[in-house]
Amino acid sequence: MSPAANPVVVDLPTPVGAARVHLRRPRGSRGVLLLGHGAGPSITTVDLTAASEAAVAAGWAVALVEQPWLVAGGRVAARPAILDAAWVAVATALRDRGGALAATRGPWVASGRSAGARVACRTAVEIRAAAVLCLSFPLHPPGKPEKSRADELVGALSAGLPVVVIQGERDPFGTPAQVLAATSLHPPDVYAVPGTHTIPRGSAAAVGAAVTAALHGIRE
């Protein structure tokens, strides 16, 4: 088996508990996709799996991060500040001298699904990401468009980072059109795929194609 087909699992300490990282590293990796899960207790959702497979197939290393609350067996996500602290600690540990990905060349992309996409946006500058890739970004709670989180997307965009959003066409947390409207001054690249906030298995290929296209356009 190649290293890409044989993930390595690494437990890392953070200020808010132990995180777990599932690493896949093709030989001669072009960059690193740092990928976070959502508020649900799963790292095997359709879009996370499709994104991981597409990135590895494109020659990128993938670091799928389990947040400490999930490693500890929790069923409810931690508060945003705790999620951010763990994410930054993991990125630093992986990237710094002696870290598991210290020798990996190329750009780093901060990425995540739903709540993980929000973490990626908020911390992208701090972890020195070259771009942000959002899967099912939760623009607002369902039925409450006035409680917008567009500022998190705009923050990354305003910092000069390329931002890509892969969004279900009927996502109650914000459709592709609503994402574009909410970020009109600094619009991200938005890929619409069939589905809602929970991406169905039938849309895996569309998600993978969007991830491949997004990574192809990223430069350090």
Item to complete: Report yes if some residue within the stretch 44-58 is surrounded by 24 or more Cβ atoms within 10 Å (Cβ to Cβ), in contact (Cβ under 8 Å) with a residue 40 or more places away in the chain and not in a helix (DSSP H, G or I); otherwise report no.
Response: no
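If you take the residues of the stretch 13-27 that are under 15 Å from LEU70 (Cβ atoms) and either of a type in the set (Gly, Ala, Ser) or at pLDDT below 95 (or both), which of them is surrounded by the most Cβ atoms within 10 Å (Cβ to Cβ)?
Checked the stretch 13-27; the qualifying residue surrounded by the most Cβ atoms within 10 Å (Cβ to Cβ) is ALA19.
Considering only the stretch 68-94, how many residues are of a type in the set (D, E, K, R) and either closer than 15 Å to ARG122 by Cα or touching a helix residue (DSSP H, G or I) at 6+ places or on another chain (Cβ under 8 Å) (or both)? Spell out the reasoning first.
Let us first name the residues in the stretch 68-94 that are of a type in the set (D, E, K, R), namely 75, 79, 84.
Going one step further and asking which of them are either closer than 15 Å to ARG122 by Cα or touching a helix residue (DSSP H, G or I) at 6+ places or on another chain (Cβ under 8 Å) (or both), we end up with 79, 84.
Counting residues in the stretch 68-94 that are of a type in the set (D, E, K, R) and either closer than 15 Å to ARG122 by Cα or touching a helix residue (DSSP H, G or I) at 6+ places or on another chain (Cβ under 8 Å) (or both) gives 2.
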Worksheet entry | Every residue from the stretch 40-76 that is more than 14 Å from the chain's Cα centre (by Cα) and either more than 23 Å from ALA205 (Cβ to Cβ) or acidic (Asp, Glu) (or both) | PRO41, PRO68, TRP69, LEU70, VAL71, ALA72, GLY73, GLY74, ARG75, VAL76
Discussion item. If I go through the stretch 5-60 residue by residue, how many of them are in contact with a strand residue (DSSP E or B) (Cβ under 9 Å, 6 or more places away or on another chain) and of a type in the set (Val, Ile, Thr)?
Written reply: 8
Worksheet item: Looking at the stretch 129-142, is at least one residue over 12 Å from the mean Cα position of the chain (by Cα), buried (at least 24 other Cβ atoms within 10 Å of the Cβ) and touching a residue at least 60 places away in the same chain (Cβ under 8 Å)?
Response: no
Response to the item:
Of the conditions (1) closer than 20 Å to ALA51 by Cα; (2) assigned to a loop (DSSP other than H, G, I, E, B); (3) among the hydrophobic types (A, V, I, L, M, F, W, C), the single one that ALA77 does not satisfy is (1)
Discussion item. I'd like to check something: does the stretch 94-105 contain any residue that is at pLDDT 95 or above and closer than 21 Å to THR45 by Cβ?
Written reply: no
Worksheet, complete the sentence: Over the stretch 174-202, the set of residues under 15 Å from PRO142 (Cα atoms), in contact with a Leu (Cβ under 8 Å, 6 or more places away or on another chain) and free of Cβ contacts under 8 Å to residues at least 40 places away in the same chain is GLY174, GLN178
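The values are calculated or read from the model by the stated rules, or taken from the named source; none is laboratory data. Everything quoted here is computed from the prediction, not taken from an experiment. Using ideal geometry, Cβ is built from the backbone for each residue, glycine included, and neighbour counts are taken over all protein chains shown.
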